[in-house]
1. Estimate the FRET efficiency between A:S336 and A:N30 by the formula 1/(1 + (r/R0)^6), using the beta-carbon distance for r and 45 Å for R0, to the nearest 0.05.
2. Can you give the charge dipole size of the protein assembly as shown about its Cα centre, rounded to the nearest 20 debye, using +1 on the beta carbon of Lys and Arg and -1 on the beta carbon of Asp and Glu?
3. Just report the Cα centroid separation between the range A:207-234 and the range A:270-346, whole Å.
4. Would you mind working out the magnitude of the charge dipole of the range A:268-346 relative to its Cα centre, with +1 at each Lys and Arg C-beta and -1 at each Asp and Glu C-beta, to the nearest 20 Debye?
5. For A:T217 and A:T96, compute 0.36 nm times the residue count separating them, minus their Cα-Cα distance, and round to one decimal in nm.
6. Loop-only trypsin sites (Lys or Arg not before Pro) in chain B, please: DSSP not H, G, I, E or B, and at most 12 other Cβ atoms within 10 Å.
7. Which shape class, rounded, prolate or oblate, goes with the protein assembly as shown when its Cα gyration tensor gives a ≥ b ≥ c as root eigenvalues, a/c under 1.5 marks rounded, and past that a/b bigger than b/c marks prolate?
8. Put a dot 7 Å past each Cα toward the Cβ at B:N20 and B:V50; how far apart are the dots in nm?
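The values are calculated or read from the model by the stated rules, or taken from the named source; none is laboratory data. All figures in this text were calculated on a predicted structure; none of them were measured in a lab. Glycine gets a Cβ as well: all are built from the backbone with ideal geometry, and neighbour counts include every protein chain shown. Each accessible area value is taken on the protein alone, full model and side chains, heavy atoms only, with ligands, DNA and RNA left out. Shrake-Rupley method; radii C 1.70, N 1.55, O 1.52, S 1.80 Å.
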Amino acid sequence: MSNARNLANLLGTGTQITTADIADEVFLSNKNIIKNGAMVVAQRATSVTGDTAGGSVKTVDRMNPEMNAAGTWTQSQSTDVPSGQGFVYSFKLDCTTADASLAANDYVAFGHRIEGLDLQRLNYGTSGAKSSILSFWVKTNKAGNYVVGVQNVITGSTTKNCSFLYTVSQANTWQKIEFPIPADTAAAFDNDANQTAIIYWWLAVGSNYNTGTLRTTWTNNVSADFAAGLNVNLADSTDNEWYITGIQWEEGDVATPFEHEDYATTLRKCKRYYELLEGSVYPTDYSSATLGNYFWTEEKRAVPTVTADTNSGGHGFNGVYKSGGYFYKSPANHNSVANIRGSSEL
Amino acid sequence: MIFTNAKYHKAPLDNPDNKNTAVVVEINGVESWVPMDEANTDYAEILRQVAAGTLTIADAD
């Protein structure tokens, strides 16, 4: 008897489950739209202090704290994880300078940005749009009501938002949250390599962001709606800290167990957005100049911004391709260039 | 991120029309070579700041 038949018998009531159903619902691999959801890759650093502005990836790859004038924060790749789930790292935000009285436009959020190419599977903007579910593990010392929301950044149109209120009822305890995301048959996700969806975990906001209505279905953006229902100010004390790991966004209405990947697969995915070519490159003579080539090990999302940790010869970088570029100096200089970094973040 | 000391750069090779190909700019104090590709979010931010009048880009050498 097939596994499908066994499962149907277990469920009873004559339920017919096909092999295709099982493939779709149980054994689907590469189901997670989120990259580095287990926080295992941190190419830049494992801890950064003094963050007041956010807006860029500084530690764990693909993870963007977003802030505006709401305290000072240390972010880090933490080893505090939910027990028995197979995780070894979480992302931690630790308040180091408090702001107990937020101005209207102040906020702290944890963000994850997704390119449109990775969202097409949801068929948004069609009658076949699929529902999906976002799940994650969270822990904080500050119990209360929190909000997580997804935004669809639509080129040439109004951004749409869909949010979910969840309660942290027990302080200092890991809990799994599941956010059912309804399908949107009206608006598609842009089909390109640019920032298309942003997930915000709202942690502290001024009145500009929580005095509206929580939008649990896709609705045109209104700032006051973003964090409606959030009754916590995580910035109000230097005792405050917030952890997250195991982020998974998948098709369907049921949150399945987190899909752990091998490290190399996750690292390769992250290198689409940021890569460090560790080591020195020595230029060679090219007419009266010097020239060196570099090639990224993973093609970038877009032609990346290039920096180098050491460039004492003053070479100029010409990264005109997603796959690499060259550095050049005229008149010649034979000093090496070390640790070339490419960033094509969303 | 803070963008300062921006200057155009012309790629010396594979640039037959001698066009500007990048902006050399300090991003949070780090010298960075930003391609003139609007899909690059650093370049998009440079364009935004130039339009807002908070950043100017010097001509290439």
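1. 0.70
2. 260 debye
3. So the separation of the two Cα centres works out to 43 Å.
4. 320 debye
5. Extra length from A:T217 to A:T96 when fully extended: 40.0 nm.
6. Listed in order of number, the matching sites are B:K19.
7. Cα axes put the protein assembly as shown in the prolate bin.
8. It is 0.4 nm.
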